[in-house]
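I have placed the structure first, in the form of structure tokens, so that the comments after it can refer back to it.
The values are calculated or read from the model by the stated rules, or taken from the named source; none is laboratory data. Treat the numbers as computed from the prediction; the structure is a model and nothing was measured. Don't worry about glycine lacking a Cβ; one is built from the backbone with ideal geometry, like all the others, and counts go over all protein chains shown. To get the accessible areas, we keep the full protein, side chains included, count just its heavy atoms, and leave off ligands, DNA and RNA. Shrake-Rupley method; radii C 1.70, N 1.55, O 1.52, S 1.80 Å.
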Amino acid sequence: MAVSGLADLARKHSRCSVIEGDFEQYDFSALSFDAVVFSGALVHVPCGRFPKVLGNILLALKPGGLCSLSLKEGTGIKSDSAGRLFYLWKDTGLRPVFDCLHLDVLALSRQASIMGTGEMWLGYILQKALRDE
């Protein structure tokens, strides 16, 4: 499904405003949220760009706000039958990124893909520091 199709579904079922844009280019600093949810939304962001992308999005998260984030577990890059690239993570590689972005890990889960692929997903509940350190 195209991104605009997913956005339409989100609008219909959440009754919330939905932003369609590029995580790297969008100006999130004008927004203010208590929480953000990334359910597999950042799996296509290359590892080298991930800290900048997440940091840009977190400009909209209020101090003390929560972030739910899920990423595929593993090392390297994997592609699917449609040619989409998935960047894989280990918890030990994410912790320094979270520290640099002033995010505290409140919870971590590790779950098998509901698609039955055998892939594992890392799920985080993160909290933005009350103030930058």
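Summary of values
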read-out: Qualifying residue in region 40-59 (condition: modelled with pLDDT under 95, of a type in the set (Val, Ile, Thr), open to solvent by 30 Å² or more (accessible area, probe 1.4 Å) and within 20 Å of Val18 (Cα to Cα)); value: no
read-out: Test result for Val37, under 14 Å from the mean Cα position of the chain (by Cα), open to solvent by 20 Å² or more (accessible area, probe 1.4 Å) and more than 27 Å from Ala7 (Cα to Cα); value: no
read-out: Residue count, region 16-28 (criterion: part of a loop (DSSP other than H, G, I, E, B) and more than 14 Å from the chain's Cα centre (by Cα)); value: 9
read-out: Of all residues in region 90-105 being free of Cβ contacts under 8 Å to residues at least 40 places away in the same chain and aliphatic (A, V, I, L, M), the one that is least open to solvent (accessible area, probe 1.4 Å); value: Leu94
read-out: All positions within region 65-89 that are farther than 16 Å from Ile125 by Cα, at pLDDT 95 or above and open to solvent by 50 Å² or more (accessible area, probe 1.4 Å); value: Thr75, Ile77
read-out: Of residues in region 38-89 being outside any helix (DSSP H, G or I) and of a type in the set (Phe, Trp, Tyr), the one nearest to Thr117 (Cα to Cα); value: Phe86
read-out: Subset of region 90-133 [of a type in the set (Asp, Glu), in a strand (DSSP E or B) and at pLDDT below 95]; value: none
read-out: Among the residues listed as Gly65, Gly76, the single one being touching a residue at least 60 places away in the same chain (Cβ under 8 Å) and more than 14 Å from the chain's Cα centre (by Cα); value: Gly65
read-out: When residues of region 10-36 are limited to those that are modelled with pLDDT of 90 or more and among the aliphatic types (A, V, I, L, M), the one nearest to Phe50 (Cα to Cα); value: Val36
read-out: Residue among Leu31, Leu88, Leu59 that is within 21 Å of Ala129 (Cβ to Cβ) and within 15 Å of the chain's Cα centre (by Cα); value: Leu59
